[in-house]
Amino acid sequence: MASGESKTAVVAAIIGNLVIAAGKFVAAAITGSSAMIAEGIHSVVDTGNGALLLLGIKQSARPADADHPFGHGKALYFWSLIVAMSIFGIGGGMSVYEGITHMQHPSPLENPTWNYAVLAFAFVVEATSFRVALREFNKARKGARPLEFIRSSKDPSLYTVVFEDAAALLGLVVAFAGVFFGHLFENPYFDGAASIVIGLILMGVAWLLAAETRGLLLGEGVDGELRQKLVEIIEADDAVVRVTDLLTMYMGPHDLLVNVGVEFRRGVHAETVHAAIHRIEERLRAEHPEIRRVYVEVESLPKDA
């Protein structure tokens, strides 16, 4: 996916979350709602996470240097993992803590109308942000099934925003239910319980993001289908007998490293091998532009060759 698509979704989410956070905290201060405090924390965390994702996108685009000869592409993976930790610890942990504290020391809601107004406004803004993120997400997946695309995608910035916005919309529904039933039955425990549920939702989203980012940070290669296509491209060259080994690793969202061992036909000259290597590199890059570096290792021929 293009970095511009990722940035569009992230910037839209930052603006929306910043506006919503202010409204939620104002409503929480007026009404004393624990669920609204949890939602305010949620929006502040999402705003900070958006800034971290933008930082990751910017750093990942930096060119290679002496200290980082393969570039800085994995910076986005690092900051995506920090985002997951932030959602889990700050967003989820503080929301659960706030809910438990409220249930231990319940206090009746005051002026719940403010909560309803802010929640309605927040839902509209979050839905708009979610539509932008989902539009860019659908554009990037190009017809692939959503779960398959998330598993195969090497750019976590866009689906992170989709996850965050989806969790935000679900959290607003939970907060509304907590305020509504707490007001209806004059029972403040509903409000505290809603805060705990919101925290658990955030922890679940954080766990999914961390699981997806972990493999990228450790160094994922291509899937079996793409691996076979790369082998076919290499073995289609007239000078090649077979591919003996193929190692790949994503160094960033759009930066694939390919290291391949190739057995060439017997009797070919060094010049022929040299020309074949250049052809292989050009064909691989032409069909898969994300391939930035190709290293071809010429396998030794048997002694009787």
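Annotations
- Selection within the range 33-53 - assigned to a helix (DSSP H, G or I) and over 27 Å from the mean Cα position of the chain (by Cα): Ser34
- Total residues in the range 76-108 satisfying the condition of being surrounded by fewer than 18 Cβ atoms within 10 Å (Cβ to Cβ), closer than 19 Å to Val179 by Cβ and of a type in the set (A, V, I, L, M, F, W, C): the figure is 2.
- Qualifying residue in the range 74-95 (condition: within 24 Å of Leu256 (Cβ to Cβ), in contact (Cβ under 8 Å) with a residue 40 or more places away in the chain, of a type outside the set (Phe, Trp, Tyr) and assigned to a loop (DSSP other than H, G, I, E, B)): yes
- Single match in Gly219, Gly261 (criterion: in contact with a Ser or Thr (Cβ under 6 Å, 6 or more places away or on another chain), surrounded by 13 or more Cβ atoms within 10 Å (Cβ to Cβ) and not acidic (Asp, Glu)): Gly261
- Those strands (runs of 3 or more DSSP E) of the range 197-305 in which at least 2 residues are in contact with a Lys or Arg (Cβ under 9 Å, 6 or more places away or on another chain) and of a type in the set (Ser, Thr, Tyr), considering only elements entirely within it, cover 240-252.
- Looking only at residues of the range 155-205 that are among the β-branched types (Val, Ile, Thr) and closer than 23 Å to Ile100 by Cβ, we find that the one that is surrounded by the fewest Cβ atoms within 10 Å (Cβ to Cβ) is Val173.
- The lone criterion from (1) within 21 Å of Thr47 (Cβ to Cβ); (2) small (Gly, Ala, Ser); (3) open to solvent by 20 Å² or more (accessible area, probe 1.4 Å) left unmet by Ser152 is number (1).
- Test: residue in the range 148-156 that is touching a residue at least 40 places away in the same chain (Cβ under 8 Å), within 22 Å of Asn17 (Cα to Cα) and either hydrophobic (A, V, I, L, M, F, W, C) or assigned to a helix (DSSP H, G or I) (or both): yes
- Conditions (1) within 19 Å of Arg285 (Cα to Cα); (2) within 18 Å of the chain's Cα centre (by Cα): number failed by Val205: (1)
- Scanning the range 109-130 for residues that are β-branched (Val, Ile, Thr) and surrounded by 15 or more Cβ atoms within 10 Å (Cβ to Cβ) turns up Val118, Val125.
- Residue satisfying condition, being open to solvent by less than 50 Å² (accessible area, probe 1.4 Å) and either over 30 Å from Pro146 (Cβ atoms) or in a helix (DSSP H, G or I) (or both), within set Ile30, Ile20: Ile20
- Any hit, the range 54-73, residues being assigned to a helix (DSSP H, G or I), surrounded by 21 or more Cβ atoms within 10 Å (Cβ to Cβ) and in contact with an Asp or Glu (Cβ under 8 Å, 6 or more places away or on another chain): no
- Filter result for Asp165 (within 19 Å of Pro289 (Cα to Cα) and either within 20 Å of the chain's Cα centre (by Cα) or free of Cβ contacts under 8 Å to residues at least 24 places away in the same chain (or both)): no
- Count - residues of the range 222-248 that are buried (at least 17 other Cβ atoms within 10 Å of the Cβ), free of Cβ contacts under 8 Å to residues at least 40 places away in the same chain and in contact with a Leu (Cβ under 8 Å, 6 or more places away or on another chain): 3
The values are calculated or read from the model by the stated rules, or taken from the named source; none is laboratory data. It should be emphasised that the depicted structure is a prediction, and the values quoted were computed from it without experimental measurement. Note that each Cβ is placed from the backbone with ideal geometry, even for glycine, and that neighbours are counted across all protein chains shown. The protein model used for the area step is the full one, side chains on, heavy atoms only, and it has no ligands, DNA or RNA in it. Shrake-Rupley method; radii C 1.70, N 1.55, O 1.52, S 1.80 Å.
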